[in-house]
Structure formats: structure tokens, C-alpha cells
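Peer 1: For reference, the structure I am asking about is given below.
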């Protein structure tokens, strides 16, 4: 049995000359599991999930580039290809394949595409609202020409270049902002996420760790047909989770789940986009049931 009082240890690895951070929850004799966070988040948002699964899994949780304690991209560019490469490097360098992945939002996008590129490297994947915008939102976005999208992106980049990281007078002020962002969070959850998600500046104020440039939506992505092809190549058991109070939509109803070979879709009631925080017990029960039916590597 693992010592449940011990927290994770911090480590670094390199990808495209960036020093990227991850935490390791120990128990290396068990099957590997990667927990991949979403945008403007950090690896310690998984602490409750890791604590519940660490006895049966060797859990590694990275900070995406530009997030948490990982370095920021020197050119302020955060493309999907680079995120996928970072995950590929982590799995390759730490010899994690075949790996089980649980991923949220942006992390889910990365994990599902990686699993489609390297289906043999992934034993199972749980994606929490990680399919990107719904077909309706994509259709609306598709009405804008590449000229309009590029112009909007350039303007946004210029705005971000002149935007200083927001400073909070105290950690309590940052904590209250975290609660405003997700009203489902308990005070304990919000405080934990704030403490691990903010740095104290030299003047004593606090700022979020993530790079403001990650806020910019890229002017283009992989074509939809390419993303769907990658989804169709995933050969491992796949669980697609969505919150019934979220904006993301039900992938079983809007057609996205149909592109997967072995996907189960589960909606978590009374949960929003961060359903692994909003309904932690329901989330863990659903994930454990899914993993129990999945052959171990």
C-alpha cells in the first residue's frame, strides 16, 4: 500500500528546448497513467483524482507548456501540434507506453489526437469534454474567412502583448476570483487550486502562472476530417464524459461520438465543464468502473 500522506514529487523534461514540469505520484511498479489538464489550469488540479487512484496506478501529471511550472513558449505560440509533441516526448522519454490517459478539455483534445496518431501507445483514454467545440459552434466559426480569422488573431496577439498579468493584492483576492470562475467548487477546492496556480510577485501581489498568450484562439487547426480520422484510429477503450450543465454538449447526440470505434459516452448530472471537480465522487465512480473493464497493459 502506498503512503497516502506523501504528496507528489516534481520533475522536469525537455521538449522543443522548453523545460516542462510534471509531478510523479510514485508507485512505479503499477501501470502508468497520465493526467492531462485543460487550458489555464495546472497539474495539481488532479490531486484529488490522483489520491484516489495512486494505489493502483503510477500517476504522472504534467503542466502543459505555458501553464503551471512549465516554461512559456518563447514566441508566444501555442499550437496543437506542439502540445501533442510534448505529450509524445513525455511518453517516449519516461517509457510509459502503453499508457492510460485521463484528460480534461484542452488536455482531452491533445490526448485523443495523440491516441489516434499512436494507437498502440495508449491502453485506455478518458476524455472530459475534450472534443473541442460542438458542431454548431464550429459551423458558426466556419462562416468567417481565413482573412477575418487571421486579422482577429493578429489583433488579439497585439492586445495580449501589451497586457500585463493581472495582479491580486492578496492570495485571498485570487481565491475569490477562482470561486467566481467555477461556482461549483468548494472553498477547499478553490483554495487548493489557487495556491498551486498562482505565483507571488516581487511586490507581494499574486498572479496566475499561465502565459496570457494561451488565451488566443489559433486562426486555424487541423481540418475537421483529419481530426475525425484520428478519432477513428483510436483502438483502445475510450470514455467520453460531459457535464449536463456545461456548454460542451452531448457528443452522443451531436454525432461526434460516432467517429470512435470503442467509445462510451456518459453525462455527469449537476456538473459543468470541470466535472471532475464539480462531482468528484460521481466522476471517480464512473472512471473506476470503466477502468475495471479495461485490460491492464
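Derivation of every value follows stated rules applied to the coordinates shown; laboratory data play no part. This is a predicted model, so every value here is computed, not measured. Ideal geometry is used to build each Cβ from the backbone, glycine not excepted, and the neighbour counts take in all protein chains shown.
Peer 1: Rounded if a/c is under 1.5, else prolate if a/b is larger than b/c, else oblate: which is the stretch 133-221, with a ≥ b ≥ c the root eigenvalues of its Cα gyration tensor?
Peer 2: oblate
Peer 1: Calculate, in nm to one decimal, what residue 151 and residue 264 gain on full extension: separation in residues at 0.36 nm each, minus their alpha carbon distance.
Peer 2: 36.8 nm
Peer 1: Say we join alpha carbon atoms closer than 10 Å with springs in a Gaussian network model of the chain; which of 114, 78, 220 then has the biggest fluctuation?
Peer 2: 220
Peer 1: Additional query: Rank these for me by crowding, 150, 178, 33, going from fewest to most other beta carbons within 10 Å.
Peer 2: 150, 178, 33
Peer 1: Set the Förster radius R0 to 41 Å, insert the Cβ-Cβ distance between residue 222 and residue 12 as r into 1/(1 + (r/R0)^6), and round the FRET efficiency to 0.05.
Peer 2: So, using R0 = 41 Å, E works out to roughly 0.90.
Peer 1: Report the residue, chosen from 44, 113, 141, that carries the largest GNM mean-square fluctuation when the chain is represented by alpha-carbon nodes joined by springs under 10 Å.
Peer 2: Answer for the Gaussian network model of the chain: 141.
Peer 1: Let me ask another. What value in Å³ per residue do you get for the convex hull of the alpha-carbon atoms in the stretch 165-204?
Peer 2: Residue-normalised Cα hull volume stands at 62 Å³.
Peer 1: What does a probe at residue 97 reach in the stretch 14-50, counting residues whose amide N is under 17 Å from the point 7 Å along Cα→Cβ?
Peer 2: Within reach of a label on residue 97: 32-34.
Peer 1: Then there is this: So for the pair residue 19, residue 77, with labels modelled 7 Å out along Cα→Cβ, what separation do we get in nm?
Peer 2: So the label points at residue 19 and residue 77 sit 2.4 nm apart.
Peer 1: Give me 125, 91 ranked fewest to most by other Cβ atoms within 10 Å of their Cβ, as a rough exposure proxy.
Peer 2: Listing 125, 91 from fewest to most nearby Cβ atoms yields 91, 125.
Peer 1: Label point 7 Å out from residue 120 along Cα-to-Cβ: which residues of the stretch 78-100 have amide N under 15 Å?
Peer 2: So the set is 92, 96-99.
Peer 1: Now, a different point. Let a ≥ b ≥ c be the square roots of the eigenvalues of the Cα gyration tensor of the stretch 182-258; is it rounded (a/c under 1.5), or, if not, prolate (a/b larger than b/c) or oblate?
Peer 2: Verdict is prolate for the stretch 182-258.
Peer 1: In Å, what Rg and Dmax follow from the Cα atoms of the stretch 48-137?
Peer 2: My reading of the Cα-based Rg and Dmax gives 13.6, 41 Å.
Peer 1: From a point 7 Å beyond the Cα of residue 182 in the direction of its Cβ, which residues of the stretch 262-297 have a backbone N at a distance under 14 Å?
Peer 2: 271-284
Peer 1: Report the relative contact order of the chain, percent, no decimals, based on alpha-carbon pairs under 8 angstrom and at least 6 residues apart.
Peer 2: 18 percent.
Peer 1: For the residues 128, 102, 268, 60, what sequence is obtained by ranking on other C-beta atoms within 10 Å, fewest first?
Peer 2: The fewest-first ordering by Cβ neighbours comes to 268, 60, 128, 102.
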